[in-house]
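Every read-out reported here was derived from the displayed coordinates using simple, explicitly stated rules and does not represent laboratory data. On a predicted model such as this, the values are computed, not experimentally measured, just so you know. Backbone-built Cβ (ideal geometry, glycine too); neighbour counts: all protein chains shown.
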């Protein structure tokens, strides 16, 4: 009485890791640029990060065909929003839109593991982390993808605020400066690259702050 | 003017082979306030007269951004114009989504024209009561089209629609041969002159008009009031004296460059402000 299984899957996992860290007035969104399939490398130079709005960027690991489709969908929705409201979407609004978009395909999901990062209405950094079907939460930092199990505990160690029982309530955003946060991200990826075979080649970092958007790259191990 | 017997239905021909409902729809365009468009090889300028009903109310929006490379100015039933603009925006977005490139202007106007034609051949519909001046840029250059309620469309070097548009057309007929090689600033200047012609002596100020530009390297955007007023002042076309069109700009000297006290080129180089969406008015 064993169930018959499909001999074809609509999904593939292209690997990769994404990280986002929110600061007091900046947000860092980073991802490696390796795209794999099984034990093969498809390319060493594929961007997993897209800028959805002036102050909002999304990094997604998982099945890159689904990721690309998701990015295009959100970009089109953002254009419609701009036509209707005469302004850019805020990051919390985009966060809700992403969640709704993912849940819309609850029964044939986007195989995409997303972190959304940007500046909120007050100019403070914000990060939203998602599962494949749209469950999301605003946090101060997050990682998704194949290296997330290696990176997340490290970020918890470095960034997690003291016990929530402590009063006054502490903000989730890190007190680190922008350059310190960048160094932290680079450290995370350098470490994850050592032990995760799907993470490596190059690190792409997008920094969003009041001055605008900046992109930085760092070489990673290619083995 | 009244051809009552065959004008009840859009699907009824007159014995002379006319569809009166369609012609009546074109009348609605003529009653709307003026909108003009002109193009050079590299830019298209759209301008419209925006008269508010009263001092207390806001101006009616007659120029819409459709995409970074296309904008539209309307005359007639502005509600119909708004709906068609939404359709055009949707078409541009869907095309970009599928082909990751910009919808060519010529394709968009055909789709618009076909949409208008449908309303001339359904007994349960009425024609759109709006004329559209579609200005845009694509790989084959700068284009200006006029779409009318009948479902026809034509390409123009320069055109004007709405009330007293003939005055603007007369001005542009004299000068259209210079438009192709015109600089961006001169094109805007000609647009303002043409617009002034439709005001029939009334003073042209930035409060009663809207000007929009699209060009190579310049996304479609509406010029802000300060920029427009500065241009009006610079070209001395407030309209108080008789049109000394050729003489006035020469007096300013160097009107080819946006120099002097005013920097219209810098001020309206696309949406310069932070936090202002590209779609902003």
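General remarks:
- Value at 222 nm in deg cm²/dmol, rounded to 500, when DSSP H runs of n ≥ 4 in the protein assembly as shown each add -39,500 (n - 2.57): -10000 deg cm²/dmol
- Distance between modelled label sites at residue B:236 and residue A:210, nm, 7 Å Cα→Cβ extension: 4.6
- Fewest-first ordering of B:42, A:17 by other beta carbons within 10 Å of each residue's beta carbon gives B:42, A:17.
- Among B:12, A:2, the order by Cβ neighbours within 10 angstrom, fewest to most, reads A:2, B:12.
- Shown is the FRET efficiency for residue A:5 and residue A:135, computed with R0 = 41 Å from the Cβ-Cβ distance and rounded to the nearest 0.05: 0.95.
- Spin-label pair residue B:97-residue B:124: with each label point 7 Å from Cα along the Cα-Cβ axis, the two points sit 2.7 nm from one another.
- Radius, Kirkwood style, for segment B:1-64 when every pair of distinct Cα atoms is counted (Å): 15.0
- Residue B:164/residue A:73 FRET efficiency (R0 45 Å; Cβ-Cβ; nearest 0.05): 0.45
- Computed as a quarter of the hull surface, the mean projected area of the alpha carbon convex hull for segment A:54-148 stands at 5.9 nm².
- For peptide A:77-86, the mean count of partner chain Cβ atoms within 10 Å of a residue's Cβ comes to 5.
- Extension gain for residue A:42-residue A:101 works out to 18.5 nm (0.36 nm per residue, less the C-alpha to C-alpha distance).
- Taken along the Cα-to-beta-carbon direction at a fixed 7 Å, the label points for residue A:86 and residue A:24 span 3.5 nm.
- With the convex hull drawn over the C-alpha atoms of the protein assembly as shown, the volume per residue is 233 Å³.
- Once the chain from residue B:9 to residue B:207 is taken as fully extended at 0.36 nm per residue, the excess over their C-alpha distance is 67.2 nm.
- Modelled FRET efficiency - R0 45 Å, residue B:30 with residue A:93, Cβ distances, 0.05 increments: 0.60
- Per-peptide packing, taken as the mean over residues of other Cβ atoms within 10 Å, places B:31-39, A:47-55 in the sequence B:31-39, A:47-55 from highest down.
- Residue order for A:104, A:217, fewest other beta carbons within 10 angstrom first, comes to A:217, A:104.
- Entry note, segment B:132-202: relative contact order of 22 percent, from Cα contacts under 8 Å with a spacing of 6+ residues.
- Normalised by residue count, chain A yields a Cα convex hull volume of 149 Å³ per residue.
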